Ligand SMILES: Nc1nc2c(ncn2[C@@H]2O[C@H](COP(=O)(O)OP(=O)(O)OP(=O)(O)O)[C@@H](O)[C@H]2O)c(=O)[nH]1
Ligand SMILES: [Mg+2]
């Protein structure tokens, strides 16, 4: 179901419309990113068209005059596809294709296309297909319209004639729609099964009560490189967007002796399609469940603060904005000055290079410090006949010291806030 043909390098014209409060600079940054996405998808951008408007023009998003100009640019550059940075409604997409005489798609379609190309696991494939079908379902009319025009010959050629007719195309449309809805339900059920299975696994792991550290960040920031540097994960690293779609978890020993679980996740981007956020919800849940997010930032990127904001927007959308965050400015080998400046500007952050390893020790020490700051050290006396509690303390916390003494087992341990409450009546001092 690729939207961009990969049998050759398609020529593409990109279109960006600035609608306040968005600024022209933000539109340009977003278009730069769209060009990277298109390059990742395997096509070439040959021209860029921009416009400022107070609101989208309902029929074609850009105004009538701009649409004409766009048609001329498309002809002059002999492009194959026009890609809008803004999300098009199905009707706008249809009208634009008719006017331009070539495929018109939006940023969402490009991102879905790249995800489809990069999905390898069963779950990743199901998630991407689900997002694609949800994107396609409301757009079916367009294709069915083309069908009914063919079937109806001359008399049905006028665009308006499709509405209200019950031609063979519409019957086909109903068939297609039902088939897609059925497939969506099947995928949702499959994903629920995978999710249930993973929850069981996660529960088994939780018994170990290891802290969960999750690497998040902009796409291509170096998240997988960092996981590989810190563990022997061997995750695929590539200089392209959305190389990673599946979460990978490894154990990691911190310099203080604690072991944590470190997870690499899918990267974020500006205007991440909501269909994808929805479909990837179960994968993204690892961030919601985390004790600490290591937010990896490419310090050599042109708009670092914009990238940080884009990641935080997605974190907010999935409900992970309340998890503590540690900013890690990566690629310090490429941009040493920028990394250092950013580290100074953001309190508590670190600068590092996942490739050379510089700053990695500092990162590990900081992870340890941050996790320890979130836990409470308690001194407990647990009666000898409460073997259940003693076992629970070992399971739920990190026991630093224990010896039998007056009144029971004297134990010093580190507990998270929730567990600490259970031992309240056995606390002797804190
Ligand atoms: N110079 C330099 N390059 C780095 C560093 N970290 C990562 N890279 C490069 O950046 C590119 C992306 O790295 P990945 O680890 O795949 O990035 P990611 O954040 O996992 O990307 P996605 O999974 O696609 O979102 C690769 O070409 C890496 O070699 C670094 O510290 N310095
Ligand atoms: Mg990755």
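For this structure, a couple of remarks:
- Every listed requirement among (1) away from ligand 1 (no atom under 16 Å from the Cβ); (2) more than 19 Å from residue 371 (Cα to Cα); (3) surrounded by 14 or more Cβ atoms within 10 Å (Cβ to Cβ) is met by residue 192 save one, (3).
- Residue check for residue 183: in contact with a helix residue (DSSP H, G or I) (Cβ under 9 Å, 6 or more places away or on another chain) and within 16 Å of ligand 2 (Cβ to nearest atom): no
- Among the residues of segment 235-283, those that are out of contact with any strand residue (DSSP E or B) (no Cβ under 8 Å at 6 or more places or on another chain), free of Cβ contacts under 8 Å to residues at least 60 places away in the same chain and within 12 Å of ligand 2 (Cβ to nearest atom) comprise 236, 237, 238, 239, 266.
Residues are listed down the side, and each one gets a yes or a no for (1) in contact with a helix residue (DSSP H, G or I) (Cβ under 8 Å, 6 or more places away or on another chain); (2) farther than 30 Å from residue 231 by Cβ:
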{"position": "357", "(1), (2)": "yes, no"}
{"position": "360", "(1), (2)": "yes, no"}
{"position": "365", "(1), (2)": "no, no"}
{"position": "368", "(1), (2)": "no, no"}
{"position": "401", "(1), (2)": "no, no"}
{"position": "407", "(1), (2)": "no, yes"}
{"position": "414", "(1), (2)": "yes, no"}
{"position": "421", "(1), (2)": "no, yes"}
{"position": "425", "(1), (2)": "no, yes"}
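- Qualifying residue in segment 302-313 (condition: within 16 Å of ligand 2 (Cβ to nearest atom), within 23 Å of residue 261 (Cβ to Cβ), within 19 Å of the chain's Cα centre (by Cα) and in the same structural domain as residue 234 (by TED's automatic domain parsing)): yes
- Screening 320, 354 for residues that are assigned by TED's automatic domain parsing to the domain that holds residue 225, closer than 17 Å to residue 218 by Cα and within 16 Å of ligand 1 (Cβ to nearest atom) leaves exactly one candidate, 354.
- Of all the criteria given as (1) away from ligand 2 (no atom under 14 Å from the Cβ); (2) touching a strand residue (DSSP E or B) at 6+ places or on another chain (Cβ under 8 Å); (3) closer than 30 Å to residue 188 by Cβ; (4) without any contact (Cβ under 8 Å) to a residue 40 or more places away in the chain, the one not satisfied by residue 201 is (2).
- Among the conditions (1) without any contact (Cβ under 8 Å) to a residue 40 or more places away in the chain; (2) crowded, with 21+ Cβ neighbours inside 10 Å, the only one that residue 102 does not satisfy is (2).
- Restricting segment 209-247 to residues that are more than 9 Å from ligand 1 (Cβ to nearest atom) and closer than 26 Å to residue 39 by Cα, the residue that is surrounded by the most Cβ atoms within 10 Å (Cβ to Cβ): 216
Table: residues versus (1) under 24 Å from residue 218 (Cβ atoms); (2) part of a helix (DSSP H, G or I); (3) touching a helix residue (DSSP H, G or I) at 6+ places or on another chain (Cβ under 8 Å); (4) at pLDDT 95 or above.
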{"site": "16", "(1), (2), (3), (4)": "yes, no, yes, yes"}
{"site": "26", "(1), (2), (3), (4)": "yes, yes, yes, no"}
{"site": "32", "(1), (2), (3), (4)": "yes, yes, no, no"}
{"site": "48", "(1), (2), (3), (4)": "yes, no, yes, yes"}
{"site": "67", "(1), (2), (3), (4)": "no, yes, yes, yes"}
{"site": "74", "(1), (2), (3), (4)": "no, yes, yes, yes"}
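- Complete set of residues in segment 279-306 that are part of a helix (DSSP H, G or I) and either in contact with a helix residue (DSSP H, G or I) (Cβ under 7 Å, 6 or more places away or on another chain) or within 25 Å of residue 250 (Cβ to Cβ) (or both): 279, 281, 282, 283, 284, 285, 286, 287, 288, 304, 306
The values are calculated or read from the model by the stated rules, or taken from the named source; none is laboratory data. What you are looking at is a predicted structure, and each value in this text was computed from that prediction instead of being measured. Note that each Cβ is placed from the backbone with ideal geometry, even for glycine, and that neighbours are counted across all protein chains shown.
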